[in-house]
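Trainee: Have a look at this one before I ask anything.
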There are 2 protein chains.
Amino acid sequence: METNVALEKALNMLLAYVPKPGTEIVEILKSQNRVLAEDVLADIMVPPFSRSPLDGFAFRSSDSPREKGQKVRLKIVDYLPAGVPATRPVNSGEAVKLMTGAMIPEGADAVVKFEDVVEEDGYVIIDFPVKPETNIVKKGEDFLPGDVIIEKDRVINANAISLLALAGKKKVLVYKIPKVYIICTGSELVDIEQIPGPGKIRNTNLYSIGALVARSGGEPVLGRIVNDDLNLIAQEIKRGLEVADLVLTTGGASVGEYDLIIKALESIGAEILFWKTDFKPGTPVIGAVANGKIVIGLSGNPQAAMTSFELIAYPVIRKLTGRQNIYHARVKAFLDHPFDKTRGQRRFARGYCYLKEGEFRVKILPWLSPGSLKGVLNSNALVEIPKNCPPLKTNDPVNIVLIEGGSLSAFDTPDSGLF
Amino acid sequence: METNVALEKALNMLLAYVPKPGTEIVEILKSQNRVLAEDVLADIMVPPFSRSPLDGFAFRSSDSPREKGQKVRLKIVDYLPAGVPATRPVNSGEAVKLMTGAMIPEGADAVVKFEDVVEEDGYVIIDFPVKPETNIVKKGEDFLPGDVIIEKDRVINANAISLLALAGKKKVLVYKIPKVYIICTGSELVDIEQIPGPGKIRNTNLYSIGALVARSGGEPVLGRIVNDDLNLIAQEIKRGLEVADLVLTTGGASVGEYDLIIKALESIGAEILFWKTDFKPGTPVIGAVANGKIVIGLSGNPQAAMTSFELIAYPVIRKLTGRQNIYHARVKAFLDHPFDKTRGQRRFARGYCYLKEGEFRVKILPWLSPGSLKGVLNSNALVEIPKNCPPLKTNDPVNIVLIEGGSLSAFDTPDSGLF
């Protein structure tokens, strides 16, 4: 077991144990934010026929005048809305009126816009030269049968769903959603619906960590509250390992309580990879592996547990979902105020980040007691304060982790209109 | 009916008709990304009792030495893990050993850390002065009963769920998810699972728009494919108005097909607010109101329909969900290449945006035919090209709309580690 490990090292130790996820078939409209587990190929030509991209007249370009100003009159022999195939070919001296998306009739090799020509007594008058293939979207121009339309391992979004639909897929193979079992330990904990008795507190961790698991792309499986009892904890971890792909515990990981989670893990034959990291808050985090599955022990302090989750558990869950890009977005931001509470230990402070004139700016929120949730509401970033960092001044750049899914729409933007 | 309206004006016309959404009760772990429809108050003091933030000894601060170096010996009379209330008060000359989170026993008003003192033969030796209230998290310090813990109209995220749990709420009042009925018109359309016959194409719009509705926070309700028939379209719009909060149509909105959607809307007594906007692509968009509900007519061209959706329908759906912040995030980005295809009309080109050294950079994707979906896959931004804009050079700043939920994690970040 290593101890006082750096964040990056702790992560690498855990990530090495993440297995390739299993797969399942889902309807494409239920596949958003899932990861594609197959290459999807075109089964037909796209477009399936040569078509007009606009409302106009199709004809033989060889019928068009040699020079601008010369006029030709072509007889309009057919009218084709989209979806209606031509009943006859277009011969020299003829034109077919057609609508956007209509199939180009046989014989025609160019289309002119309604607005560019004159229609008169059943004829269309064209007074400029037209090259072959003008305004024709050619059959198979986008994809040929067998072309890869969308590659395996892509995160599926609306753009991807439009292409899955194009390939005729109503259902698609995706990686399974990892199940994450959450165990909250502590004899002081009561269910949140109870009024806590003397010395007791509500078990908020089950829900905050559950919500974070869901936001990370996992399915939270809520375990029971477990008293500070070695055997009960060991039993509950074993149960988690049976029903889930990852087990998270809260509590029982700090110095005074050291024995509990570590001993419970050892009693079930787990390999302890590390205990304690070198950054705050949430220092006493545990990383372990049992039956090939990862167990992460988080602090019992509500706010510290949430911060350690973002830094340690989030990338592990993202990798379990089959994603390639597993980290929170991280950007440089400029401090809104001086900050002199730098320390001899690396820290991630809760911050509120916003955009101003295209730049990220950040306020460090008042330093929260690790056990308090007050103030956590406005936090959308973790601000890295390096070890032995000198005091920071207003406008100094800092590294920040965007924890709200990197979602800029969660930030205030100073402009209220579109631009 | 207004025509050739600016994007911002079209939006304002529609947004004025968005009603305040209804409410429903959901479990807190199902409430993520929903909008809170009630103020949530503290029902108890938080913390519910004065407690120790660390492992240490609780005692009377008046027993501590006057000066550093002087020693006092206090008899250890009790041991309190978290969750176990004291059985007796602490008198002068006494101390209680306690763990993080334990309740401060009556009489004690300060806590010293294990590491700062010496424990010996059932006594603790303190050799420095300790002020009252040192290391004590006071009862009610975060919230008093009746304090607002989280305000109405907040978007619920994991942070908010931790506070809902703190308030003892397992269920919470949120705004209902708006139902959005999607009608795809066009005699050329076939269901995506079919092999299209001559002149026919797969109806990808139903799924791309459906996916966009879901990503915007709405519930897509899939309508039928409707041929280019006035009565059938009118019937389907009426059905949509009955079952949903918003109706979106695709197709039948461009010049040649003008009559269809507009006439269908007029036939059911709808008020047409505008037809055609002054930007590309998706110019022939229709905004209307019928029975107090909004109908938006989008282009039938797959890519143009998706772009108009982002610009026009997205903010409408966001407002229907009860959100205050309804627009996509918009930032300045620097062009990766020159761009000279500027025009006399305002345009939103598909782009790929990424972060480099904390700055947004953007590539404009090859100009797509509005009917083609090829290349749409890599698009995560819309790049605004203003009307009559001079040719743009590499590194020129442009306004971009971040369409992938503003999610930075959808972008490549050049660094692979955490920082």
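The values are calculated or read from the model by the stated rules, or taken from the named source; none is laboratory data. Keep in mind it's a predicted model, so treat the numbers as computed, not measured. Reconstructed Cβ throughout: ideal geometry from the backbone, glycine too, with neighbour counts over all protein chains shown.
Trainee: Exactly one of these conditions fails for residue A:87: (1) assigned to a strand (DSSP E or B); (2) within 13 Å of chain B (Cβ to nearest Cβ); (3) surrounded by fewer than 18 Cβ atoms within 10 Å (Cβ to Cβ). Give me its number.
Mentor: (1)
Trainee: Out of the range A:207-225, which residues are surrounded by fewer than 24 Cβ atoms within 10 Å (Cβ to Cβ), touching a residue at least 24 places away in the same chain (Cβ under 8 Å) and either within 12 Å of another protein chain (Cβ to nearest Cβ) or aliphatic (A, V, I, L, M) (or both)?
Mentor: A:215, A:217, A:219, A:220, A:221, A:222, A:225
Trainee: Among the numbered criteria (1) assigned to a strand (DSSP E or B); (2) within 25 Å of residue B:5 (Cα to Cα), which one does residue B:319 miss?
Mentor: The failed condition is (1).
Trainee: Can you say whether residue A:312 is in contact with a helix residue (DSSP H, G or I) (Cβ under 9 Å, 6 or more places away or on another chain), more than 10 Å from chain B (Cβ to nearest Cβ) and either of a type outside the set (D, E, K, R) or farther than 29 Å from residue B:140 by Cβ (or both), as far as the supplied structure shows?
Mentor: Details: in contact with a helix residue (DSSP H, G or I) (Cβ under 9 Å, 6 or more places away or on another chain): yes; more than 10 Å from chain B (Cβ to nearest Cβ): yes; either of a type outside the set (D, E, K, R) or farther than 29 Å from residue B:140 by Cβ (or both): yes.
The answer is yes for residue A:312.
Trainee: Could you list, in sequence order, the residues of the range A:157-176 that are surrounded by fewer than 22 Cβ atoms within 10 Å (Cβ to Cβ) and under 16 Å from the mean Cα position of the chain (by Cα)?
Mentor: Listed by number, the residues that qualify are A:175, A:176.
Trainee: A further question on this structure: Residues that are basic (Lys, Arg), more than 8 Å from chain A (Cβ to nearest Cβ), in contact with a Gly (Cβ under 8 Å, 6 or more places away or on another chain) and under 27 Å from residue B:323 (Cα atoms): does the range B:156-171 have at least one?
Mentor: Pass one, the range B:156-171, residues basic (Lys, Arg): B:169-171.
Still in the list and also more than 8 Å from chain A (Cβ to nearest Cβ): B:171.
Imposing the further condition that a residue be in contact with a Gly (Cβ under 8 Å, 6 or more places away or on another chain) reduces the set to none.
Checked against the condition, which is being basic (Lys, Arg), more than 8 Å from chain A (Cβ to nearest Cβ), in contact with a Gly (Cβ under 8 Å, 6 or more places away or on another chain) and under 27 Å from residue B:323 (Cα atoms), the range B:156-171 yields no hits at all.
Trainee: Which condition breaks for residue B:74 when tested against (1) part of a loop (DSSP other than H, G, I, E, B); (2) farther than 30 Å from residue A:196 by Cα?
Mentor: Among (1) part of a loop (DSSP other than H, G, I, E, B); (2) farther than 30 Å from residue A:196 by Cα, residue B:74 violates only (1).
Trainee: So residue A:380 fits all but one of (1) surrounded by 18 or more Cβ atoms within 10 Å (Cβ to Cβ); (2) farther than 25 Å from residue B:324 by Cα; (3) at pLDDT 85 or above; what number is the exception?
Mentor: That leaves (2) as the condition not met.
Trainee: Against the conditions (1) free of Cβ contacts under 8 Å to residues at least 40 places away in the same chain; (2) in contact with a His (Cβ under 9 Å, 6 or more places away or on another chain), where does residue B:311 fall short? Just the number, please.
Mentor: Every condition holds for residue B:311 apart from (1).
Trainee: A follow-up question, please. I need the full set of residues from the range A:259-286 which are among the small types (Gly, Ala, Ser) and touching a residue at least 40 places away in the same chain (Cβ under 8 Å), in order please. Talk me through it step by step, then tell me what you get.
Mentor: Within the range A:259-286, the first condition is being among the small types (Gly, Ala, Ser), and the residues that meet it are A:264, A:267, A:269-270, A:282.
Across the range A:259-286, the qualifying residue is only A:282.
Trainee: Further, regarding this structure: So which of B:36, B:41, B:7 ends up being in contact (Cβ under 8 Å) with a residue 12 or more places away in the chain and within 30 Å of residue B:276 (Cα to Cα)?
Mentor: Numbers: B:36 fails: within 30 Å of residue B:276 (Cα to Cα); B:41 fails: within 30 Å of residue B:276 (Cα to Cα).
None of the other options fit; the residue is B:7.
Trainee: Go through the range A:311-362 and give me each residue that's under 25 Å from residue A:297 (Cα atoms) and of a type in the set (Val, Ile, Thr).
Mentor: Within the range A:311-362, A:312, A:316, A:317, A:321, A:326 meet the criteria.
Trainee: Which of the residues spanning the range A:344-358 are surrounded by fewer than 17 Cβ atoms within 10 Å (Cβ to Cβ) and either in contact (Cβ under 8 Å) with a residue 60 or more places away in the chain or within 13 Å of another protein chain (Cβ to nearest Cβ) (or both)?
Mentor: To start, the set of residues in the range A:344-358 that are surrounded by fewer than 17 Cβ atoms within 10 Å (Cβ to Cβ) comprises A:344-345, A:356-358.
Correct list: A:345, A:356, A:357, A:358.
Trainee: Right, something else. For the range A:233-248, indicate whether the set of residues that are outside any helix (DSSP H, G or I), surrounded by fewer than 20 Cβ atoms within 10 Å (Cβ to Cβ) and touching a helix residue (DSSP H, G or I) at 6+ places or on another chain (Cβ under 8 Å) is non-empty.
Mentor: Of all residues in the range A:233-248, those outside any helix (DSSP H, G or I) come to A:244-248.
Now narrow it down to the ones that are surrounded by fewer than 20 Cβ atoms within 10 Å (Cβ to Cβ): none.
No, that holds for no residue.
Trainee: For the range A:189-204, state whether one or more residues are surrounded by fewer than 22 Cβ atoms within 10 Å (Cβ to Cβ), in a helix (DSSP H, G or I) and within 11 Å of another protein chain (Cβ to nearest Cβ).
Mentor: Taking every residue of the range A:189-204 in turn, none turns out to be surrounded by fewer than 22 Cβ atoms within 10 Å (Cβ to Cβ), in a helix (DSSP H, G or I) and within 11 Å of another protein chain (Cβ to nearest Cβ).
Trainee: Please work out which residue is surrounded by the most Cβ atoms within 10 Å (Cβ to Cβ), limiting yourself to the range B:51-68 and to residues that are assigned to a strand (DSSP E or B) and away from chain A (no Cβ under 11 Å). Explain how you work it out, then say what you get.
Mentor: Our first condition is that a residue be assigned to a strand (DSSP E or B); within the range B:51-68, this holds for B:51, B:56-59.
Keeping just the survivors that are away from chain A (no Cβ under 11 Å) gives B:57-59.
On the way: B:57: 25, B:58: 28, B:59: 31.
Only one residue fits best here, namely B:59.
Trainee: Within the range B:126-141, can one find any residue that is within 13 Å of chain A (Cβ to nearest Cβ), surrounded by fewer than 22 Cβ atoms within 10 Å (Cβ to Cβ) and on the phi > 0 side of the Ramachandran plot? Talk me through it step by step, then tell me what you get.
Mentor: Step one: of the range B:126-141, the residues within 13 Å of chain A (Cβ to nearest Cβ) are B:135-141.
Now narrow it down to the ones that are surrounded by fewer than 22 Cβ atoms within 10 Å (Cβ to Cβ): B:135-141.
After this cut, where a residue has to be on the phi > 0 side of the Ramachandran plot as well, the list is B:135, B:140.
Taking every residue of the range B:126-141 in turn, at least one turns out to be within 13 Å of chain A (Cβ to nearest Cβ), surrounded by fewer than 22 Cβ atoms within 10 Å (Cβ to Cβ) and on the phi > 0 side of the Ramachandran plot.
Trainee: Quick one: is residue A:321 within 29 Å of the chain's Cα centre (by Cα), modelled with pLDDT under 95 and among the β-branched types (Val, Ile, Thr)? Break it down into steps so the answer makes sense when it comes.
Mentor: Numbers: within 29 Å of the chain's Cα centre (by Cα): yes; modelled with pLDDT under 95: no; among the β-branched types (Val, Ile, Thr): yes.
It is false that residue A:321 is within 29 Å of the chain's Cα centre (by Cα), modelled with pLDDT under 95 and among the β-branched types (Val, Ile, Thr).
Trainee: Kindly indicate whether any position in the range B:397-409 is among the polar types (S, T, N, Q), at pLDDT 90 or above and buried (at least 16 other Cβ atoms within 10 Å of the Cβ).
Mentor: Here is the first cut: in the range B:397-409, the ones among the polar types (S, T, N, Q) are B:399, B:407, B:409.
The next check asks that each one be at pLDDT 90 or above; those that pass are B:399.
Now drop any that are not buried (at least 16 other Cβ atoms within 10 Å of the Cβ), which leaves B:399.
Scanning the range B:397-409 turns up at least one residue that is among the polar types (S, T, N, Q), at pLDDT 90 or above and buried (at least 16 other Cβ atoms within 10 Å of the Cβ).
Trainee: Now for a separate question. What's the number of the condition residue B:40 fails, among (1) within 13 Å of chain A (Cβ to nearest Cβ); (2) surrounded by fewer than 18 Cβ atoms within 10 Å (Cβ to Cβ)?
Mentor: With (1) within 13 Å of chain A (Cβ to nearest Cβ); (2) surrounded by fewer than 18 Cβ atoms within 10 Å (Cβ to Cβ) applied to residue B:40, the lone miss is (2).
Trainee: Filter the range A:44-61 for residues that are in contact (Cβ under 8 Å) with a residue 60 or more places away in the chain and over 47 Å from the mean Cα position of the chain (by Cα); which is farthest from residue A:214 (Cα to Cα)?
Mentor: Out of the qualifying residues, it is A:61.
Trainee: Related question: May I ask you to verify whether residue A:182 is β-branched (Val, Ile, Thr), without any contact (Cβ under 8 Å) to a residue 60 or more places away in the chain and in contact with a helix residue (DSSP H, G or I) (Cβ under 7 Å, 6 or more places away or on another chain)?
Mentor: On the way: β-branched (Val, Ile, Thr): yes; without any contact (Cβ under 8 Å) to a residue 60 or more places away in the chain: no; in contact with a helix residue (DSSP H, G or I) (Cβ under 7 Å, 6 or more places away or on another chain): yes.
So residue A:182 does not fit the description; no.
Trainee: Looking only at the range B:90-101, count how many residues are in a loop (DSSP other than H, G, I, E, B), more than 7 Å from every other protein chain (Cβ to nearest Cβ) and hydrophobic (A, V, I, L, M, F, W, C). Give the steps one after another, and end with the answer.
Mentor: Step one: filter the range B:90-101 for residues in a loop (DSSP other than H, G, I, E, B), giving B:90-93, B:99-101.
So of that shortlist, the ones also more than 7 Å from every other protein chain (Cβ to nearest Cβ) come out as B:90-93.
If we keep only those that are hydrophobic (A, V, I, L, M, F, W, C) as well, we get B:90.
So the answer is 1.
Trainee: Can you tell which of B:10, B:82 is outside any loop (DSSP other than H, G, I, E, B) and small (Gly, Ala, Ser)?
Mentor: Working: B:82 fails: outside any loop (DSSP other than H, G, I, E, B).
Within the list B:10, B:82, the selection yields B:10.
Trainee: Here is a check on your reading of the model: is residue B:71 of a type outside the set (S, T, N, Q), under 30 Å from the mean Cα position of the chain (by Cα) and loosely packed, with under 13 Cβ neighbours inside 10 Å?
Mentor: Values: of a type outside the set (S, T, N, Q): yes; under 30 Å from the mean Cα position of the chain (by Cα): no; loosely packed, with under 13 Cβ neighbours inside 10 Å: yes.
Judged against the criteria, residue B:71 is not a match.
Trainee: For the range B:287-311, which positions are among the β-branched types (Val, Ile, Thr) and surrounded by fewer than 21 Cβ atoms within 10 Å (Cβ to Cβ)? Spell out the reasoning first.
Mentor: Step one: of the range B:287-311, the residues among the β-branched types (Val, Ile, Thr) are B:289, B:294-296, B:307.
Scanning the range B:287-311 gives a single hit, B:289.
Trainee: Residue check: is residue B:181 facing another protein chain (nearest Cβ under 8 Å), buried (at least 21 other Cβ atoms within 10 Å of the Cβ), aromatic (Phe, Trp, Tyr) and closer than 29 Å to residue A:157 by Cα?
Mentor: On the way: facing another protein chain (nearest Cβ under 8 Å): no; buried (at least 21 other Cβ atoms within 10 Å of the Cβ): yes; aromatic (Phe, Trp, Tyr): yes; closer than 29 Å to residue A:157 by Cα: yes.
Criteria not met by residue B:181.
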